[in-house]
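J.: Dropping the structure in here first, questions after.
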Amino acid sequence: MTQSMSTKLLAVFPIIVFACLFVYLGVQSATFFSLGTFELIAKQAVPTVIVALGLATVVIAGGDDVVAGGIDLSIPATAIICAAIIADQLTNQGNSLVFAMTLAFGAAAIIGAINAFLVVGLRMTPLLATLAMSVAIVGVTKVITSSRRIGVTDETIIFIRDGDIFGIAASVVMTAVLVVIFYHALHRTKWGMNMQATGGSRDAAEISGILTRRFVVQSFLIAAFAGWIASVFVLARGSGSSPGTEENMLLEMVLATFLGAAFSPRRVVTLWGAVLGAVVVSALSVGFISIGVNVFWTGCIKGGLILLVVASAAVASKGRS
Amino acid sequence: MTDALLKMCDITKSFPGVLALDNVALEVARGEIHGLVGENGAGKSTIIKVLAGVYKADAGTVEIDHATLPEVTPRSVHDAGVRFIHQELHLVQHFTVTESVFMGQEEQTIFGLNKRVMRQKAEDFFETALGTTLSGNTLIRDLGIAERKLVQIARALIDDKAKLVVFDEPTAPLTSGETDKLFTAIRKLKEQGIAMIYVSHYLAEITGICDRVTVLRNGQNAGRFEEVFDDSAPAMITAMVGREIDELFPKTEHTPAEPRLEIEGLSADKFEDVSLTVHRNEIVGVAGLVGSGREDLIDTIYGLSKPHSGTLKIDGVAQKFHAPADAVSAGIALVPRDRRHDGLVLDMSVSDNINLAALDAVSNWSLESRRAANTVATDMSETLDIRPRNIAATSRLLSGGNQQKVVLGRWLNKGADIFILDEPTVGVDVGAKVEIYQHIENLAQHGVSVLVSSSDPGELIGLCDRILVMLRGKIVAEVSTANLGVDELVALTTGGATREAAS
Amino acid sequence: MTLKSIFARFGLIIIIVMFFSFFSYISPVFLTFDNQVNIIEASAIVLILALGMTLIVAMGGIDLSIGIAFDFGAAFAVVALKDFGVAWYVACLVGVMGGALIGLLNAVLIVILKISPFMATLGTFFVGSSVERVFTNGGGPISYRRMPQEYRDLAVGDVFGIPTEVIIAAAVCVVYFIVLERSIFGKRIHAIGLQKDAANVAGIPVRRYMFIAFILASATCAIGGLIGSANIRMFTPLAGFSYLLDAIAAVFIGAAIHPKGRPNVIGTIVGVLFLGMIGNGLNLMGLDFNLKAALSGLILVGALALAVAQQRFR
């Protein structure tokens, strides 16, 4: 086998594995390939899709190299704290949804700004900076919620959870709109191309006159913004704010984003890839539950899948120039 | 008098301890292809960087299109219509040709990027301005190097405001076949009235394509050729190397003994079928331009990269090096070309760096004996005359020459008996050069086998017993240094003697 | 000396002293001998994990799976005692091997498959967490109230009046100090961390060192797990995760104190004690535990930012 053939094979290896998994699920569960299941998968995927959009933006602007490049592990934490703020405002303080969301937006903006400062200003490794921020944010969340669940009965939130727009679940439609907006901004505008260039090759971008630092700062702000948007859907899905959901969201977000790279034609992290990755991850979860697999095994399998994807990419890239 | 588009006058630039440019003049006429030649360290890249606004000249003026530039910055020079095609491509692997060409200068309407228009413009540009067909949707990683170079050129010129294009060693990574694409493009550009500066070591190309040539030597103007013919190369070489007699090199008092390092049929990514032997008490040289495969040969011998085929024997025993550690165990030492990145651990002390390859020798039960280590370092520092003598000093602070001595000291301490020196005196001042040459000669007198890879022909002739010449991945000549002139060696490395002219 | 250079060299130390003074002022109990001993005792486990992390960071990598190594250490030991009735020292050995297993996984992923340490250890963390959940059928603890007293003593006993866990932590400190700061292995590890390529060219077997280092670090973390499980007489899945950020922070704070900004054993010890002091001080202030969590997190981010900023100014 020539080198390029084995490289290509390695690159598609994860896709083959996933295809097999889905065939297996379809065979094992009679109802897997049904419209109802698809809708369930889509609804479940919503929060993951949104945070994955945020992470994808940071990685696109910062570069695929996880150590030197971009990563933001604090997005799920941002989603959680925004959800807590909104829930607290709605239920405990009796304020309007608009007010609550504005307050939460402010919090997200501060988080994004701090991340940007740590990474661009102090040149801290994004990994360390966002990991530490994640812990701090969770801590502050505990203060807001007193580590207790806050139920939410606001009708807009309920609509997002249960309602339909043109026959499709409201949350799915809204998320789809968000994806389209992100896609247009990042892949169809000069601004977006420059952000991609910044992550693709800092030197190339700077030589072309692109102000790379600005783009990296913006990527962290956008990531926090994604966290803010996701919080609404997290609230809807849980009918309120519950402690302890952060770790799972983190795992799914990372898996979805980097999995997406394996699915993209150019083999890099992209928005569509992240969205597809989130849907695939959600489908796996739903599928495993429907055939009765122990829910804790799914975490294991997901972790194994991340390693599979990253290992294939690492080995495959040795064959590329 | 020709109409000068670019006029650089009396450019002087010095760095701590070295005068890089001394009243240098460079003039390029409208629509001409102007060659810039000189050895390594002659000042070619310095004057280009001054023009690019990367370095600020200490004195001198830059005039573009009869207007003196008040401030030479990357921005002002760009605005004046000068474009640079660097040696490094700086392309994003997963971008398309169109995206790369328009990086930083994308065209869009209120609805978003005008992808179709950009693609059309890019493809048209390749066709009409560069004389080649390239699809705008191809990914950079799927292109050959020559085509990537063309993309780099397109990016610089597509805004149609270029008046002068500077090519810095454009053909270094290309094979003979690929250079044709590049020359077609260059000739097309000339047809459109764009002036060019062509910096290159490949004299055959220079004589083939340039209208006039400026020669630099030791930071000064050493000649200007107002007319260039196919047989102008020897005259250029003479101007490049001068007639100075170098008394830098010690007398040769060693005689080669039995073979120690034997390489046969070694092939890797960038070179093919290389065979060489180094005997005990012998100094063998490897000459060749950047891109000749010389660097990869050294890396492969030392275990830094894997060969495709071939054998390497030490004392008749075949070896396979998976990593430098293996080579070191076999008694080989490498003084690498990138001293600061691969040679020294800059933030460690001189003492630590000297002891780094032989820590076992200064330890008791694996605990480092500071006293023993310091003694070793102090002795070595004396022997090699490392300045400052303070062995606790951070290596980063030493001058290039002293840093090189530290690296040398490390291997002397280890007791290696096959030394590979890659560009041993790059960035080293003359005084330290002389000392290093003496130490190398001493090694050869005392049982060591030495392989020297260098881009300095004078150095190779002065040091080595014989020299192998590499050109585009193959060994094209093996010559004894007795009665070898620098001009001959330069001719061999630049392919002047064996390659056809480019036009 | 300008203000900037004073900050660069001593910034973090000044902050530590400030906090110390603040807590002494605010709480009468803080400065007592018993309380200071409390801080040290409570820091023992974090210190052990932070030392493992110091080794990895000094070598230029990172290990996000130290919590898993901690858990595996506890799990293997408790199961060995409970289901196999082995002697306490055998259980300790088995526990350490459990941690080494995690290290082995990391080493294979990083050195052989060439995955970046971040991704590899993140993957190990995810896989390991799930395995723990599956193994305990949902994340419930495995308790063993009747564990041998010698094992229990790892956490609650004392030797000549000094708590055993402190002695163990001190022993690990000494070993790590000798290895990392005084032995030739440590010299090579620092070289790899500073400039991997130069270390490689100098003949240091980089891959072999990285392989061994990851195994060693995880095995060390498992020791922390032994103490943890001895303390509460059970194995709690995912208990190790809470130590991760403190360990990382301690290493970076310690590096900032070092004159050359290198991760080092003494600095890590100071970093661990600093964090322990914060936790202890906030406790004594009688704050609501949620507020405590928030403040600890924020102080952590601040201290890290300061540590990094200090490096930039040097």
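What follows is calculated from the coordinates using simple rules that are stated; it is not laboratory data. Bear in mind the structure is a predicted one, so any value in this text is a computation, not a measurement. Cβ sites come from the backbone with ideal geometry, for glycine too, and all protein chains shown count toward neighbours.
J.: Calculate the dipole size of chain B relative to its Cα centre from +1 charges on Lys and Arg beta carbons and -1 charges on Asp and Glu beta carbons; express the result in debye to the nearest 20.
T.: With Lys and Arg at +1 and Asp and Glu at -1, about 1060 debye.
J.: Something else now. May I ask for the equivalent-ellipsoid semi-axes of region C:224-295, computed as the square root of five times each C-alpha gyration tensor eigenvalue and listed largest first in whole Å?
T.: 24, 19, 10
J.: What's the magnitude of the charge dipole for the protein assembly as shown around its Cα centre, counting Lys and Arg as +1 and Asp and Glu as -1 at the beta-carbon? Answer in Debye, nearest 20.
T.: 2780
J.: Report P(r) for region B:399-450: all Cα-Cα distances, bin width 10 Å, range 0 to the bin holding the largest distance, values in whole percent.
T.: Whole-percent P(r) values from 0 Å outward: 26, 59, 15.
J.: Which one, A:ALA176, A:PHE258, A:SER312, is farthest towards the positive end of the dipole of chain A when Lys and Arg carry +1 and Asp and Glu -1 on their Cβ?
T.: A:SER312
J.: Oh, and also: Across peptide B:112-118, what mean number of C-beta atoms from other chains lies inside 10 Å of a residue's C-beta?
T.: That average works out to 3.
J.: By a straight-distance test (C-alpha under 21 Å), which lysines pair with B:LYS7 as possible cross-link partners, with residues fewer than eight away in the same chain excluded?
T.: By straight Cα distance, B:LYS7 reaches B:LYS44, B:LYS49, B:LYS56, B:LYS161, B:LYS163, B:LYS190.
J.: For a test of the definition: using alpha carbon positions, the gyration tensor, and the 1.5 limit on a/c, classify region A:161-242 as rounded, prolate or oblate.
T.: Taking the square roots of the gyration eigenvalues as a ≥ b ≥ c, region A:161-242 is oblate.
J.: When a/c reaches 1.5 or more, the comparison of a/b and b/c decides; with that in mind, is region C:173-266 rounded, prolate or oblate per its Cα gyration tensor?
T.: prolate
J.: Compute and list, largest first, the equivalent-ellipsoid semi-axes of chain B from the alpha carbon gyration tensor, each √(5λ) rounded to a whole angstrom.
T.: So the three semi-axes of chain B are 43, 26, 24 Å.
J.: With a Cα-only, solvent-free Debye model of region B:400-503, what are the log10 I(q)/I(0) values at q = 0.15, 0.17 Å⁻¹?
T.: Here the Debye-derived log intensity ratios amount to -0.68, -0.84.
J.: May I pose another question? How big is the gap, in Å, between the Cα center of region B:107-141 and the Cα center of region B:27-60?
T.: Each part reduced to its Cα centre gives a spacing of 32 Å.
J.: Let me ask you something else. Round to a whole angstrom and tell me the spacing of the C-alpha centers of region B:344-396 and region A:31-59.
T.: 59
J.: Per-residue Cβ counts within 10 Å, from other chains only, averaged over A:188-196: what number is that?
T.: 5
J.: For chain A, what relative contact order do you get, as a whole percent, if you take Cα pairs closer than 8 Å and at least 6 residues apart?
T.: Relative CO of chain A lands at 32 percent.
J.: On average, how many beta carbons from a partner chain sit within 10 Å of the beta carbon of a residue in A:252-261?
T.: So the per-residue partner count for this stretch is 1.
J.: Follow-up question, since we're still on this one. Quick one: which of C:185-197, C:240-252, B:179-191 comes out on top by average Cβ neighbours within 10 Å, and what's the full order, highest first?
T.: C:240-252, C:185-197, B:179-191
J.: Still on this model: What is the P(r) of the protein assembly as shown, as percent of Cα-Cα pairs per 10 Å bin from 0?
T.: 2, 9, 15, 20, 20, 16, 11, 6, 2, 0, 0
J.: Let me ask you something else. With a ≥ b ≥ c taken as the square roots of the eigenvalues of the C-alpha gyration tensor of chain A, please select rounded if a/c is under 1.5 and otherwise prolate if a/b is larger than b/c or oblate if it is not?
T.: oblate
J.: For chain B, what is the relative contact order in percent, using Cα pairs closer than 8 Å and at least 6 residues apart in sequence?
T.: Here the relative contact order equals 15 percent.
J.: Would you mind working out the magnitude of the charge dipole of chain C relative to its Cα centre, with +1 at each Lys and Arg C-beta and -1 at each Asp and Glu C-beta, to the nearest 20 Debye?
T.: 980
J.: If you build the convex hull over the alpha carbons only and average its shadow over all orientations, what do you get for region B:8-58? Give it in nm² to one decimal.
T.: Seen from a random direction, the Cα hull of region B:8-58 projects 3.8 nm² on average.
J.: What ranking do C:49-62, A:293-306 get when scored by the average of other Cβ atoms within 10 Å per residue, highest first?
T.: Ranking the peptides C:49-62, A:293-306 by packing returns C:49-62, A:293-306.
J.: Could you please state, rounded to a whole Å, how far the C-alpha centre of region A:167-221 is from the C-alpha centre of region B:73-101?
T.: 22
J.: Moving on to the next point. Once every Cα of region A:14-159 carries one equal point scatterer and solvent is ignored, give the base-10 log of I(q)/I(0) from the Debye formula at q = 0.10, 0.12, 0.21 Å⁻¹, two decimals.
T.: Those come out to -0.51, -0.69, -1.20, one per q.
J.: Would you mind calculating the relative contact order of region B:93-160 from Cα pairs under 8 angstrom and at least 6 residues apart, reporting the percent as a whole number?
T.: After rounding, I find 46 percent.
J.: Under a cut-off of 14 Å between alpha-carbon atoms, report the aspartates and glutamates in cross-link reach of B:LYS13, not counting same-chain residues fewer than 8 places apart.
T.: B:LYS13 reaches B:ASP22, B:ASP58.
J.: Considering only C:ALA8, C:VAL159, B:ILE420, whose Cα is most displaced toward the positive end of the charge dipole of the protein assembly as shown, charges sitting on Cβ of Lys, Arg (+1) and Asp, Glu (-1)?
T.: C:VAL159
J.: To continue, here is another question. Using helices alone, what [θ] at 222 nm do you get for chain B, with -39,500 (n - 2.57) per DSSP H run of 4 or more residues, divided over all residues and rounded to the nearest 500?
T.: -9000 deg cm²/dmol
J.: Counting pairs of Cα atoms in region B:93-160, how many percent are more than 18 Å apart?
T.: Summing the P(r) of region B:93-160 above 18 Å gives 28 percent of all pairs.
J.: Over chain C, with a single point scatterer placed on each C-alpha, what log10 of the ratio I(q)/I(0) does the Debye formula yield at q = 0.13 1/Å?
T.: Calculated log10 I(q)/I(0) at the listed q: -0.97.
J.: For the charge dipole of region B:155-208, defined by +1 on Lys and Arg C-beta atoms and -1 on Asp and Glu C-beta atoms about the Cα centroid, which residue among B:ALA204, B:PRO173, B:ILE186 has the Cα displaced farthest towards the positive pole?
T.: It is B:ILE186.
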